[in-house]
1. To the nearest 0.05, what FRET efficiency results for residue 81 and residue 23 with a Förster distance of 25 Å applied to their C-beta separation?
2. On a full-extension model of 0.36 nm per residue, what is the gain between residue 43 and residue 88, subtracting their alpha-carbon distance, rounded to one decimal in nm?
3. Using the alpha-carbon atoms, what tilt in degrees (0 to 90, nearest 10) does helix 27-42 show relative to the longest principal axis of the chain?
4. If segment 6-82 were replaced by its equivalent ellipsoid, with semi-axes equal to the square roots of 5 times the Cα gyration tensor eigenvalues, what would those be, largest first, whole Å?
5. Highest first, please rank the peptides 3-12, 59-68, 22-31 by the mean number of other Cβ atoms sitting within 10 Å of their residues.
6. Given labels modelled 7 Å from the Cα in the Cβ direction, how far is it in nm from residue 54 to residue 9?
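FYI, it's all coordinate maths here, none of it is from the lab. Owing to the predicted nature of the structure, the values given are computational and were not obtained by experimental measurement. Note that each Cβ is placed from the backbone with ideal geometry, even for glycine, and that neighbours are counted across all protein chains shown.
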């Protein structure tokens, strides 16, 4: 069975304007998730330890990191605080 590299599949799928728009629409969300996961890992915190630190459940952290939630700004702010990070939002 021949495997197809992910980048090839992604490239082919992004030729469809609808797929490209949906992909672009998720860019900010996944960038934020990636930054917060990297910060958590760099601090040596497990999902469970971070959850306890901010007063939530590990499953809430897991859902956030997997992109399977629609977190409130309040939750994201609590996460940032638990990661000893400053959350900044700007409109340009």
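1. With a Förster radius of 25 Å, E is 0.25.
2. The span from residue 43 to residue 88 would gain 14.2 nm if fully extended.
3. 50
4. 29, 13, 10
5. 59-68, 22-31, 3-12
6. Taking the simple label geometry, residue 54 and residue 9 are separated by 3.0 nm.
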